[in-house]
1. Can you work out which of the residues in segment 303-333 that are in contact (Cβ under 8 Å) with a residue 60 or more places away in the chain and among the charged types (D, E, K, R) is surrounded by the most Cβ atoms within 10 Å (Cβ to Cβ)?
2. Please give the helices (runs of 4 or more DSSP H) falling wholly within segment 195-288 in which 1 or more residues are within 26 Å of Ala86 (Cα to Cα) and within 12 Å of the chain's Cα centre (by Cα).
3. Report, by residue number, each residue of segment 352-385 that is touching a residue at least 24 places away in the same chain (Cβ under 8 Å), farther than 21 Å from Pro320 by Cβ and in a helix (DSSP H, G or I).
4. What are the residues in segment 106-140 that are among the small types (Gly, Ala, Ser), closer than 17 Å to Glu401 by Cα and under 20 Å from the mean Cα position of the chain (by Cα), if any?
5. Those residues that are of a type in the set (A, V, I, L, M) and within 20 Å of the chain's Cα centre (by Cα), I need them from segment 74-105; list them, please.
6. Every residue in segment 153-199 that is surrounded by fewer than 22 Cβ atoms within 10 Å (Cβ to Cβ), within 16 Å of the ligand (Cβ to nearest atom) and of a type in the set (Phe, Trp, Tyr), please.
7. If I ask for residues that are more than 30 Å from Leu261 (Cβ to Cβ) and either hydroxyl-bearing (Ser, Thr, Tyr) or out of contact with any helix residue (DSSP H, G or I) (no Cβ under 8 Å at 6 or more places or on another chain) (or both), which ones from segment 227-249 would you list?
8. Determine, yes or no, whether Asp158 is touching a residue at least 24 places away in the same chain (Cβ under 8 Å), outside the structural domain of Ala49 (by TED's automatic domain parsing), among the acidic types (Asp, Glu) and assigned to a loop (DSSP other than H, G, I, E, B).
Amino acid sequence: MAIDLAAAARERGITYFLISFTDLFGTQRAKLVPAAAIAEMARAGAGFAGFAAWLDMTPADPDVMAIPDPGSLIQLPWKPEVGWLAADPWMAGKPVAQAPRLVLKRVAEAAAAQGWEMQSGVECEFFLLASDGTAIADPADRQKKPCYDQSALMRRYDVISEICDAMLTLGWGAYQNDHEDANGQFEMNWCHAPALVTADRHVFFKFMAKSIAEKHGLRATFMPKPFLDLTGSGCHVHISLWQQGRNAFADAAGALGLSQLGYHFIGGVMAHAEALCALTNPTVNSYKRINAPVTASGATWAPNAVTYGGNNRTHMIRIPDDGRFEFRLADGAANPYLLQAGLLAAGLDGISGRRDPGPRLDINMYTHGHTVTDARRLPLNLLDALRAFAASAPLRAALGEEFARAYVTMRTQDWHDYAGQLTAWERETTLDC
Ligand SMILES: [Mg+2]
């Protein structure tokens, strides 16, 4: 989209731009650039030291130049004099192959070369905590089954409605908000869009929810499992594949209204589930949400095994309606770009390999999962997921070797940081060995 950013600044009253890129761990890094300098920045990019972000670089590497995508411009609804721009990092005159937004663009281009466009919608769950992050902010939010709690939702009306109004202003098609299954937990929904648009909105949503919560003296967190006894924060993704304006997953004659193409896509996602976890469940904490014991509300709502079903929330994949499926594995820590890129790459592999997802399971996996003896279990920790990803030739090839190497290196360092902790549990259980 050809947008003259200097002209847009004059027309819309923008005095500053945030030129923002998202690193491998999903952290947004930005330079705040006055409108007077935006024309040059739009051409040459804003300079960053890559090593200072979560990128696999060294202090000796040249500057990363983040070149803004003018089509991604969003005026901060809570501070409209600032315009946010998603940017793509370049170094030494070449795109940075490990940069997550560029990884998604590459996979989307591979899909486009075959005539496909992935449409996706994300369901962001998050907690509103007291500003120090230690406890939920609302002491009255204590129901054992707090999901859809009207009073608890309305006690947070000022924050939730401000975020929702912002999404309406931005034209995202926001359509519902609720209190979720954990005390202090909320979810806000907006419409599906092409994967890159959804990913840009997803990173912006996280920034916006945190910023607006902060304005209200609260702290929004997307941490997958901030409290062991409460349901964790997932990030369910609804997926369909489109060709020339037609939903190629829709087929009235297919089982549950899903086409053969849709089932091959699901077959790919299932075949690569363990490896995908490295992207969709990218933190040490992620594995305390999946494979978790039952929470206070009665269910974790997170999958434990690689299975799919109809309109049944106990499976990794749910087919809730004609022409789309829901991937329920991902969590709030997933890098929005890598989440979309990983799913699309796995799905395309499923299509090219005509992968069969096997029979649908119409059982409650929480109570009868043990009866399914041939279902693969999800990885128990980040290291297992990273090893599965490192061993997945199709995903590595689709996402790019340079990205895969950088990601595994950085996340494995993260694992070693964790493994290097000496915990109170170890002392308690091992001191008298
Ligand atoms: Mg939910």
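The values are calculated or read from the model by the stated rules, or taken from the named source; none is laboratory data. Just so it is clear, the structure is predicted and the values come from calculations on it, not from any experiment. Counting neighbours? That spans all protein chains shown, and the Cβs are built from the backbone with ideal geometry, glycine included.
1. The extreme case among them is Asp331.
2. On the way: elements: 195-215, 260-271, 273-280.
Fully inside segment 195-288 and qualifying: 195-215, 273-280.
3. If the condition is that a residue be touching a residue at least 24 places away in the same chain (Cβ under 8 Å), farther than 21 Å from Pro320 by Cβ and in a helix (DSSP H, G or I), then Leu382, Leu383, Asp384, Ala385 are the ones that fit.
4. Looking only at segment 106-140, we keep the residues that are among the small types (Gly, Ala, Ser), and these are 108, 110-113, 115, 120-121, 130-131, 133, 135, 137, 140.
Going one step further and asking which of them are closer than 17 Å to Glu401 by Cα, we end up with 108, 110.
If the condition is that a residue be among the small types (Gly, Ala, Ser), closer than 17 Å to Glu401 by Cα and under 20 Å from the mean Cα position of the chain (by Cα), then Ala108 is the only one that fits.
5. Taking segment 74-105 and keeping what is of a type in the set (A, V, I, L, M), we get 74, 76, 82, 85-87, 91-92, 96-97, 99, 102-104.
Once the filter is applied, which keeps residues that are of a type in the set (A, V, I, L, M) and within 20 Å of the chain's Cα centre (by Cα), segment 74-105 yields Ile74, Leu85, Ala86, Ala87, Ala97, Ala99, Leu102, Val103, Leu104.
6. Answer for segment 153-199, where residues must be surrounded by fewer than 22 Cβ atoms within 10 Å (Cβ to Cβ), within 16 Å of the ligand (Cβ to nearest atom) and of a type in the set (Phe, Trp, Tyr): just Tyr175.
7. Initial filter on segment 227-249 (more than 30 Å from Leu261 (Cβ to Cβ)): 227-233.
Correct list: Phe227, Asp229, Leu230, Thr231, Ser233.
8. Working: touching a residue at least 24 places away in the same chain (Cβ under 8 Å): yes; outside the structural domain of Ala49 (by TED's automatic domain parsing): yes; among the acidic types (Asp, Glu): yes; assigned to a loop (DSSP other than H, G, I, E, B): no.
No.
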